[in-house]
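All remarks here apply to the structure that follows.
Read the figures in this text as sums done on the coordinates, not as results from a lab. Note that the structure is predicted; figures quoted are calculated from it, not measured. Please note: Cβ atoms are built from the backbone with ideal geometry, for glycine as well, and neighbour counts cover all protein chains shown.
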Amino acid sequence: MDIPYTVQPRPDTGLFNAKVGIWLFLASEVMLFGALFSSYILLRVGAEPANWPHGLLNIPIGTFNTAVLITSSITVVMAWASLKMGKFGNFRKFQAITLLCALSFLGIKSFEYHEKFGHYEVWLKAPITVKRGANEVQADRLLGHIQYNGHHPLFWKTQTLADKKLDAITLLPDPTHYGTMTAKEIAEAKKEAAGKQEAPVEIKTTNIKRLSAFVPAHSTYFAIYFTLTALHALHVLGGAIVIGALWGPLAKMWRTDPERFTNRIEVSGLFWHFVDLVWIFLFPVLYLL
């Protein structure tokens, strides 16, 4: 028994079955990410400026990842067009580039996550004097990397310090972030601190009110950041698995049913375009605003 409309379009919709299915699935995905973006807007608008950090994400890395995904959108279309012209070899080449872009995106994102897990914000009970360039300032919040026995351990919470029974920690400060700064102040501080290394700061454990790495528990901002970007990364991974399967073992369908195989590539491409479109919204919302 053959399933109808796997190749030919349905008379009622003008689309073959898989294309109807992927559009219905993408509609549910729009509702999912729409709800998350709406939640972000409500939390962002209602947040106090002092509680919403600025400049803590790596914009050059985010920009590069955006270019990677845009490139993959182009190659996935070229792969489908190659099949429409009967050029299977070109299809394999373009889809290989798509897969490479997908894996590159995930690799870069994992590097960015690792960077966040090793970067800390320390809230102090009493302000201390620290140097910012040639000036001395009073700071009650510091950002940087913790140094402990020559390593950068993952002390995610203040409780971890108590468990280690540490009297003090050494912080290698980020010279562009002391306390609450506006986006303009951050830009000026980055320009002033370019190429400079701040001196380590010793902080007594008894003076630490709170300590947190840039993990979801750090703030509402990072909870949103990890929720949205991790969910998006799972979509990238899922899309890469499907595209890889169609590029590899499932490509044998090209010899037996080329038109149906081409339709499958089109459907996977529609999902991939959606994944790319979500990131095009995520990047400015999380990195630039």
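Go through K131/K209; K87/K109; K84/K109; K19/K87; K109/K131; K19/K252 and tell me which ones have a Cα-Cα distance over 27 Å in this structure. Pairs exceeding the cut-off: K87/K109; K84/K109; K109/K131. The calculated FRET efficiency for the pair A223 and Q147, based on their C-beta separation and a Förster distance of 35 Å, comes to about 0.80.
Could you give the length gained by full extension between F37 and L289, i.e. 0.36 nm per residue of separation minus their alpha carbon distance, to one decimal place? Length difference between fully extended and current span is 89.4 nm. Placing pseudo-labels 7 Å out from each Cα toward the beta carbon at L231 and I128 gives an inter-label distance of 3.9 nm. Between K93 and E202, full extension at 0.36 nm per residue minus the direct alpha carbon distance yields a gain of 33.8 nm. Inter-part distance, the range 96-131 to the range 26-70, computed on C-alpha centroids, equals 16 Å.
In the range 248-289, whose amide N lies under 16 Å from the spot 7 Å out along Cα-to-Cβ of L26? List them in ranges. Once the point is set 7 Å along Cα→Cβ of L26, 263-281 turn out to lie under 16 Å by backbone N, inside the range 248-289. Per-residue extension of 0.36 nm, minus the Cα-Cα distance of A67 and F111, leaves a gain of 14.1 nm for this segment.
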